[in-house]
Amino acid sequence: MTALLALDYASVFVFALTGALAASRAQLDIVGFVFIASLTAVGGGTVRDVVLDRNPVFWTGTPGFVLLAAAAAVLVFFTAHLMESRHRMLLWLDACALAVAVPAGVGVAMMMSQPAVIVVIMGIATGCFGGLMRDVVCNEVPMVLRQGELYVTAAFAGATAGVVAAHVAAVDLPALLVCGAVTFLLRAGSLQFGWRLPVYRPRPPRN
Amino acid sequence: MTALLALDYASVFVFALTGALAASRAQLDIVGFVFIASLTAVGGGTVRDVVLDRNPVFWTGTPGFVLLAAAAAVLVFFTAHLMESRHRMLLWLDACALAVAVPAGVGVAMMMSQPAVIVVIMGIATGCFGGLMRDVVCNEVPMVLRQGELYVTAAFAGATAGVVAAHVAAVDLPALLVCGAVTFLLRAGSLQFGWRLPVYRPRPPRN
Amino acid sequence: MTALLALDYASVFVFALTGALAASRAQLDIVGFVFIASLTAVGGGTVRDVVLDRNPVFWTGTPGFVLLAAAAAVLVFFTAHLMESRHRMLLWLDACALAVAVPAGVGVAMMMSQPAVIVVIMGIATGCFGGLMRDVVCNEVPMVLRQGELYVTAAFAGATAGVVAAHVAAVDLPALLVCGAVTFLLRAGSLQFGWRLPVYRPRPPRN
């Protein structure tokens, strides 16, 4: 329970940083930073909680979440100009956020005794939807769509590893660590070394 | 009840095919196919169930839905290169999916004894929102926006016909058949013969 | 309670007008007008009600809301060609809708005894999400993203003023009036006189 809460806080903070970086690329004002940061930070977990009918939605019961997201946005507003490359920073922070949010989704779904398929889906949804909302609203190409990168795949593998580990070990906390580690390793390997799955390509001659 | 379940399965399968075709146009990997296919497949019904507070959301109680969507995605991943025109296939499969999803939405809302206006809206929402999410995420022009085609109109007419038929016949199953048939005929007629309503055009001289 | 209902009706009507204007810019047919108008009109309040688990969602219990939105769409379909500038009309109607929807969100959240942070967020969400959905679906640059304009900022200031006024006066209705007035003044001042907050700009030499 406490570990789940910590995961939710960490996920909110790091996703808020990525949202604020996206806002800096769109040259918004400080309230725009807070808006995009908050949307990114709570979007994935909100989808998870609404679909699973978990009440209250995690951040409405604890206003600290949104205040934390706002603080992250203000921090980025005043420091983003110090970064060498905001785009690269955004990619890597997003990888960290994914590696925290996927276990947050997996953990909540396991706590609610959902079947394994739903646990995996909730891990993917919690990990991917906040960033997806950020990218759609900011008119950036959604990260989940970047060809030849592991993104949803990293979330899927991490969530599956977490479910398997929880089944084998019968202890939840190490399973969540496995889940986050697998997610981060695959995503980071894809960013750093170009790891990828084969993508669909139509035959050249027709269509 | 069983007919409704069959409609939900059919709608999930055909919408998943369209999602996977959209993923093939975006040249994603196989996990990306499954992701977009699942989002398209369950998106409309999820909006319906969340707005009507129907618990659990249809696919969380029955993991078979998402597995079916995943199977459809894998099928398309390995066969899409055999198609003459993936865009044309996408349009026609989407028409079939619409004609199945609208009665699925209408049927659930009628079963929940919603008023006629809400039944019609739920038919439209269940039919249109999965494809809308697919198009927004994949950066395609939403089908609901293509000028001079019947799309929302087909869903609206089908849902209305279903409500009227249920009122006249006092039997639900034939009403759902009428609903699906009207939806498909209007959408197909629009694709094949260019049936349309007049669109709004500003006066040429000003504005 | 009655004041809240009136706010919801006014917000639905004015947002529906803006949705129909966006549909006229996309040159849709009359059913497309009604679809986009309804989505814009009920989008923000639906997010508010789903996140707060308020049942039923405001417009499902009262079909009159969607009928009102449809009437607004039909009105615009037949009169939009009379307007000098539909874009300017859209901007100003959207400002009015924002100034009505923010207090509608604030009022509902206060009535549900939410903490102040959540009340402010629900004001912003109710005010901004309908227009955001309209802009994303219609492929327009979201108003919340237009650089150097007060939009989310106006909603934030209005919602905060409303919370403070309710705390000071201990009466809700005047507080909602303050909330709407502050929102409108800031948004209108931004449109008319170019009021703005400083936006983030990277240092010129690098990045």
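Bear in mind that the values in this text are calculations on the coordinates, not laboratory data. Quantities reported herein were computed from a predicted structural model and do not represent experimental measurements. Methodologically, a virtual Cβ is constructed for each residue, glycine included, from the backbone with ideal geometry; neighbour enumeration extends over all protein chains shown.
Charge dipole of the protein assembly as shown (Cα centre as origin; +1 on each Lys and Arg Cβ, -1 on each Asp and Glu Cβ, all else neutral): 1580 debye, rounded to the nearest 20. Position residue A:74: other-copy label points at 5.1, 5.1 nm, ordered by increasing distance, label point 7 Å along Cα→C-beta.
With Cα atoms defining each centre, the stretch C:5-49 and the stretch C:183-200 are spaced 24 Å apart in the structure.
The C-alpha radius of gyration of the stretch C:2-193, expressed as a fraction of 2.2 N^0.38 Å, stands at 0.96. Put in line by how crowded their Cβ is, counting other Cβ atoms within 10 Å and starting with the fewest, A:128, A:138 read A:138, A:128. The region of chain A that goes longest without hitting one of the trypsin sites (Lys or Arg not before Pro) in a DSSP loop, each with at most 14 other Cβ atoms within 10 Å, is A:1-195.
Computed from label points 7 Å out along Cα-Cβ, the spacing between residue C:5 and residue A:169 is 5.6 nm. Charging the Cβ of each Asp and Glu at -1 and of each Lys and Arg at +1, and nothing else, the dipole of the stretch C:23-171 about its Cα centre rounds to 60 debye.
Put in order of Cβ neighbour count within 10 Å, fewest first, the listed residues A:28, B:197, B:90, A:93 become B:197, A:93, B:90, A:28. In the calculated pair-distance distribution of the protein assembly as shown, the portion above 45 angstrom amounts to 14 percent of the Cα-Cα pairs.
Amide H contacts of residue C:29: B:148, B:200, each under 5 Å away and 5 or more positions distant or on a separate chain (H built 1.01 Å from N in the peptide plane; Pro and chain starts excluded). Projecting the Cα positions of C:12, C:117, C:99 onto the charge dipole of the stretch C:2-193 (unit charges on Cβ atoms of Lys, Arg, Asp and Glu, taken about the Cα centre) puts C:99 furthest along the positive direction.
Toward the positive end of the charge dipole of the stretch C:2-193, with +1 on the Cβ of Lys and Arg and -1 on the Cβ of Asp and Glu, the farthest Cα among C:157, C:177, C:81 is that of C:81. Computed over chain A, the per-residue total of -39500 (n - 2.57) for DSSP H runs of n ≥ 4 gives a 222 nm mean residue ellipticity of -25000 deg cm²/dmol, rounded to 500.
Based on the Cβ-Cβ distance from residue C:27 to residue B:181, what FRET efficiency comes out when R0 is 41 Å, to the nearest 0.05? Efficiency for this residue pair is about 0.90. Taken as Cα centroids, the stretch A:63-83 and the stretch C:65-91 sit 39 Å apart, rounded to the nearest whole angstrom. If R0 equals 56 Å, the separation of the Cβ atoms of residue B:92 and residue A:75 corresponds to a calculated FRET efficiency of about 0.65. By the count of neighbouring beta-carbon atoms within 10 Å, fewest first, A:18, C:40, C:160 end up ordered C:160, A:18, C:40. Computed on chain B, with alpha-carbon pairs under 8 angstrom and 6+ residues apart, the relative contact order is 23 percent. Across the stretch C:37-147 the C-alpha pair distances fall into 10 Å bins from zero in the proportions 14, 43, 32, 10, 1 percent.
Computed log10 I(q)/I(0) for the stretch C:117-207 at 0.13, 0.22 Å⁻¹: -0.52, -1.07, from the Debye equation with unit scatterers placed on every C-alpha and solvent omitted.
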